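Notes follow once the structure below has been shown.
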Amino acid sequence: MPLVHETELDWAETDEGDARFRRKQLGEAAGGDALGASLYELPAGEQSWPYHYHTGNEEAIHVLAGEGLLVLDGDEHAVEAGHFAVFPPDESGGHRVVNDGDEPLRYLAVSTMNDPDVTVYPEMDKVGVFAGSPPGGRGERTVHGYFDRDDTVDYWD
């Protein structure tokens, strides 16, 4: 099991839609299999992944620096360095981190890496399906896709 220092890892940047952040995948770099961990940095005025929850994975964040908002289960909570929150693998764990402050917001995100997983995006009316490698995993996926939440077909069609 490798020992890593976050300064040894390069930032990966995401700038899609209304989400803009930097991320270092610490768990993957250290050889994590059943536990994922990422260091995130949100610039002032930016947001993390769209509001979502997982059905197969529990997540948690620990705020390291800065101030912002945690949208959790539909409610907004002011957060600052030292705050810790857990997101259960159900609708009550719906979350998004928003930096409404003037300085970068840094936090550590930790999650189980259970496979398969369905991620629900209530505000987008979508679901993401992951099998073969969980969300955040780098393994080859046997099934992976995003679908409109209300798209259904008859079992026998």
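Some values worked out for this structure:
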| quantity | calculated |
| --- | --- |
| Residue selected from segment 19-29 under the condition in contact with a Pro (Cβ under 9 Å, 6 or more places away or on another chain) and modelled with pLDDT of 95 or more, by the criterion surrounded by the most Cβ atoms within 10 Å (Cβ to Cβ) | 21 |
| Tally of residues being surrounded by 12 or more Cβ atoms within 10 Å (Cβ to Cβ) and either touching a residue at least 60 places away in the same chain (Cβ under 8 Å) or touching an Asp or Glu at 6+ places or on another chain (Cβ under 9 Å) (or both) across segment 142-157 | 1 |
| Condition check for residue 79: touching a residue at least 40 places away in the same chain (Cβ under 8 Å), at negative phi and surrounded by 20 or more Cβ atoms within 10 Å (Cβ to Cβ) | no |
| Test for residue 130: is it in a strand (DSSP E or B), buried (at least 18 other Cβ atoms within 10 Å of the Cβ), at pLDDT below 95 and touching a Gly at 6+ places or on another chain (Cβ under 9 Å) | yes |
| Selection count, segment 74-91, where residues are more than 18 Å from residue 53 (Cβ to Cβ) and either assigned to a loop (DSSP other than H, G, I, E, B) or among the acidic types (Asp, Glu) (or both) | 4 |
| Pair list, Cβ < 9 Å and 6+ apart or interchain, from segment 104-116 residues that are among the aromatic types (Phe, Trp, Tyr) to residues that are surrounded by fewer than 17 Cβ atoms within 10 Å (Cβ to Cβ) and assigned to a strand (DSSP E or B) | 107/62; 107/64; 107/65 |
| Residues (over 24 Å from residue 102 (Cα atoms) and in contact with a helix residue (DSSP H, G or I) (Cβ under 9 Å, 6 or more places away or on another chain)) located in segment 1-32 | 2, 4, 8, 9, 26, 29, 32 |
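For every residue, the table says whether it meets (1) buried (at least 16 other Cβ atoms within 10 Å of the Cβ); (2) free of Cβ contacts under 8 Å to residues at least 24 places away in the same chain; (3) of a type outside the set (Phe, Trp, Tyr); (4) part of a strand (DSSP E or B).
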| position | (1), (2), (3), (4) |
| --- | --- |
| 15 | no, yes, yes, yes |
| 32 | yes, no, yes, no |
| 40 | yes, no, no, yes |
| 56 | yes, no, yes, no |
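The values are calculated or read from the model by the stated rules, or taken from the named source; none is laboratory data. Keep in mind the model is a prediction, meaning the values are calculated, not measured. When we count neighbours, we look across all protein chains shown, and the Cβ atoms used for this are built from the backbone with ideal geometry, even at glycine.
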